[in-house]
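Data block below; observations after.
The values are calculated or read from the model by the stated rules, or taken from the named source; none is laboratory data. Worth saying up front: this structure is predicted, and the values here are computed from it rather than measured. Here the Cβ positions follow ideal geometry from the backbone for every residue, glycine too, while neighbour counts run over all protein chains shown.
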């Protein structure tokens, strides 16, 4: 076992100067002995680059002349980075000095674990789980993502109830620790996604290839969330619904795809009409646009997407239930209520 493999911490930035100023100091206080901090700038129009060059000249800067989005931005940046492990970190995340060691130890202990995430708590309320990943991502049979500590928009208080190091379905892109060789074997993120749910798609493909994704709650970070596109933003709604449908069409076995995708279309339609009838016309339009964009992708752009290498792997963190019914029908609000104890 390598006692101190090299970690590349890559922060993808787009007009996030205030977050870099606020959170980079905590990253630079990391106590792990062999790491490099890299900021990949996605064509920022604020003064991010000038700020970094003036105040953090020891940090490596990769600069793009346009906004590639999360997916292509990381794909392009990671072509230029050599390390034993990548840590993809949002710019609005505060870390603790010893946050890397537990994740390194976990992946060093088992070569079949391709990626993991720390426990993600809210920066603004540090006793609560944060929306983007919480204590590890799951997926239901109709493609609805949720997490240990977050069901739809409801986040739970962290009482140590999800402190098990165990397999999950997806690790959050807000703080994703991953083997470079697996990332590149999978051809990285699907660039057609641009942003949102590309990490779920990647983790799905990784599992289908025979690897595992884990939660590592002994590592803790604090995430602001919604830094680039806040929840409720119509573009975010559009990308989430479009990309979720594409992800299901790519990764589900054909026999399940035939009936699950139409059911999901119906459920999204119900959600859209509910939004319209409650006065949220933007939500309705975003879902309608997503439906049409999925059809366009299916007809013309599938060849631009990254498909699974194999579909033989075993999926962890996959719920054989309908989250919509569990949450809105049966009024279950917590992960434990829906899934039960995982250990």
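Could you please find all residues in region 70-90 being over 15 Å from residue 177 (Cα atoms) and either crowded, with 21+ Cβ neighbours inside 10 Å or not assigned by TED's automatic domain parsing to the domain that holds residue 195 (or both)?
Residues satisfying the conditions are 70, 71, 72, 73, 77.
Report the residue count in region 215-233 for those that are surrounded by fewer than 24 Cβ atoms within 10 Å (Cβ to Cβ), under 14 Å from the mean Cα position of the chain (by Cα) and at pLDDT 95 or above.
Qualifying residue count, region 215-233: 0.
Is it the case that region 320-327 has a residue that's at pLDDT below 95, at positive phi, outside the structural domain of residue 164 (by TED's automatic domain parsing) and over 23 Å from the mean Cα position of the chain (by Cα)?
Looking for residues that are at pLDDT below 95, at positive phi, outside the structural domain of residue 164 (by TED's automatic domain parsing) and over 23 Å from the mean Cα position of the chain (by Cα), one finds none in region 320-327, hence no.
Taking the options 271, 215, 255, 249, name whichever one is within 26 Å of residue 115 (Cβ to Cβ), assigned by TED's automatic domain parsing to the domain that holds residue 305 and either part of a helix (DSSP H, G or I) or in contact with a strand residue (DSSP E or B) (Cβ under 6 Å, 6 or more places away or on another chain) (or both). Outline the logic, then answer.
Working: 271 fails: within 26 Å of residue 115 (Cβ to Cβ); 215 fails: assigned by TED's automatic domain parsing to the domain that holds residue 305; 255 fails: within 26 Å of residue 115 (Cβ to Cβ).
Selected residue: 249, the only one of 271, 215, 255, 249 that is within 26 Å of residue 115 (Cβ to Cβ), assigned by TED's automatic domain parsing to the domain that holds residue 305 and either part of a helix (DSSP H, G or I) or in contact with a strand residue (DSSP E or B) (Cβ under 6 Å, 6 or more places away or on another chain) (or both).
State which residue is surrounded by the fewest Cβ atoms within 10 Å (Cβ to Cβ) when the search covers only region 237-264 and only residues that are touching a helix residue (DSSP H, G or I) at 6+ places or on another chain (Cβ under 7 Å) and farther than 26 Å from residue 209 by Cβ.
Taking the candidates together, the pick is 238.
Could you list, in sequence order, the residues of region 195-212 that are closer than 29 Å to residue 124 by Cβ and either assigned to a strand (DSSP E or B) or at pLDDT 95 or above (or both)? First the steps, then the outcome.
Just the residues of region 195-212 that are closer than 29 Å to residue 124 by Cβ, to begin with: 195-203.
Across region 195-212, the qualifying residues are 197, 198, 199, 200, 201, 202, 203.
Looking at region 1-39 only, could you name the residues that are assigned to a strand (DSSP E or B) and under 16 Å from residue 221 (Cα atoms)? Don't jump to the end; show me each part of the working.
So in region 1-39, the residues assigned to a strand (DSSP E or B) come out as 7-13, 35-39.
The answer is 9, 10, 11.
Looking at 57, 44 in this structure, which one is surrounded by fewer than 24 Cβ atoms within 10 Å (Cβ to Cβ), more than 20 Å from the chain's Cα centre (by Cα) and at pLDDT below 95? Steps first, answer last, please.
Numbers: 44 fails: at pLDDT below 95.
From the options 57, 44, the qualifying one is 57.
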